[in-house]
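Working notes, structure below.
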Amino acid sequence: MSTEASLKAFNEAQNLIPGGVNSPVRAFKSVGGVPIFITEGKGAYLKDVDGNEYVDYVQSWGPLLFGHRDETIENAVIDAVKHGLSFGAPTLAETELAKLVTEFFSSIDKVRFVSSGTEAVMSAIRLARGFTGRDDIVKFTGCYHGHSDALLVEAGSGAATFGNPSSPGVPADFTKHTLLAEYNNIESVKKCFEDSNDIACVIIEPIAGNMGLVPADKEFLHELREICDANDTLLIFDEVMSGFRASINGAESITGVTPDLVTLGKVIGGGMPVGAFGGRREIMEQLSPEGPVYQAGTLSGNPVAMAAGYAALTKLKQNARVMDVLNKRAQRVVEGMQEAAKEQGIVMQIDTRGSMFGFFFNENPVKNFSDAAKSDAQLFARFHAGMLEEGYYFACSLYETGFISTAITDEMIEATIKASAKVLKAIKNG
Ligand code: PLP
């Protein structure tokens, strides 16, 4: 497989764009090699500038539930474009998409659209703070909620639950209100509530997809809900990734735990830039212009993005059973790869939720970020490179999740498993 043209494109891009990419994970830094420059996608496939084709298990990091260039979504976008790209004024499309979102999520009475997941989360947190009149927030190590200042935190020293900035450019003053707990560890949450009586909200990916796929235990989420209730603290489910991916009706339908606010993104934009946050009426009504908590956006509710999202969610509504089909395929691909790994004496941990799948080269089950970090990163990098060579495009970091689209067939899954057996054997022998 030649990657000459990708290499040339990458070198040129690096001169003009920091790291050659507009979002760091795309740079293949954790797996090495040249990031593949894409020319087009069609159905299950991506094509690169060298003319190579890959079965795509990244799906633009989640949004493309129906694969690339789904006809319904494409037509909806073309039609919307013909009416105008942006008006900065209300359109019917926003209300139509809001109707669908509130139909799917029983915890959402009202929803506001923004342009990214980052924006959705930072706005939801502001709303939680405004609603409760409190400043502190709790997040979990290994959960990613976008790149806003207060959420770029890492564990502080010693037993402190208050986080430190995890990036230069984030003032310590901006993260001093963020407490860190360990995923699936309720004692660590209790410790946060001992350290602060000013907690506005706890934010969690109920099905974490940013430390690999690590779903929260049901019991843990139920206890989290109880602690939040006991302290008049809001519970925010960040479903930017898992929304309409793990389940059609949100993590609340899988776990039985109802959040106060939910953040969404990815699938609800059908591939266009969209985020959203929504929740209980009394909370959402605190938002400007109805209430005092300010939040705004020039391109929020953009008509083209709304049309894409509406087409995607309508298609999902019409094919409600599709998630079961996708889950069967997700299960098959990871079970097949696990079996192939076992034949080579390699232990692989696997899991799926709906159309999301995850695998770790790890001897032990993964329940939190420190478990995930014990995975064999080198082996993952070699596996990633080998699968790319075979024509399978997997996320270029062991801390990411895989996605099945409806365009990925059973035959493609079987071929992927075969390729994984070949790659793992070559790794073992070489
Ligand atoms: N929240 C979660 C759970 C995410 O997975 C992401 C992005 O992957 C975000 C928030 C941020 O979304 P965006 O990249 O659209 O800003």
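Run through the DSSP bridge list for region 71-318 and note the antiparallel percent, rounded to the nearest 5.
Within region 71-318, antiparallel bridges account for around 45 percent of the total.
Order 204-212, 310-318 from most to least packed using the mean count of other Cβ atoms within 10 Å.
Top of the packing list down: 204-212, 310-318.
Considering only DSSP beta bridges with both partners in region 38-184, what is the antiparallel share in %, to the nearest 5?
For region 38-184, the DSSP antiparallel bridge percentage is about 75.
If you take the alpha carbon radius of gyration of the chain and divide it by 2.2 N^0.38 Å, what ratio comes out, to two decimals?
The chain yields a ratio of 0.97.
What does the helix-only formula give at 222 nm for the chain: each DSSP H stretch with n ≥ 4 adding -39500 (n - 2.57), the total divided by the residues, and the result rounded to the nearest 500 deg cm²/dmol?
Here the helix-only value at 222 nm equals -12000 deg cm²/dmol.
Among DSSP beta bridges whose residues both lie in the chain, state the antiparallel percentage, nearest 5.
In the chain, DSSP labels about 60 percent of beta bridges as antiparallel.
Show me 57-65, 193-201, 14-22, 398-406 ranked by packing, highest mean number of other Cβ atoms within 10 Å first.
Per-residue Cβ counts within 10 Å, averaged per peptide and sorted highest first, yield 398-406, 57-65, 193-201, 14-22.
For residue 95 and residue 422, what is the calculated FRET efficiency with R₀ set at 51 Å and r taken between the beta-carbons, to the nearest 0.05?
After rounding to 0.05, the efficiency reads 0.50.
Laboratory data are not the source of any read-out in this text; all were calculated from the coordinates shown. Note that the coordinates shown come from a computational prediction; the quantities given were computed from them, not determined experimentally. Every residue, glycine as well, gets a Cβ built from its backbone with ideal geometry; the counts of neighbours run over all protein chains shown.
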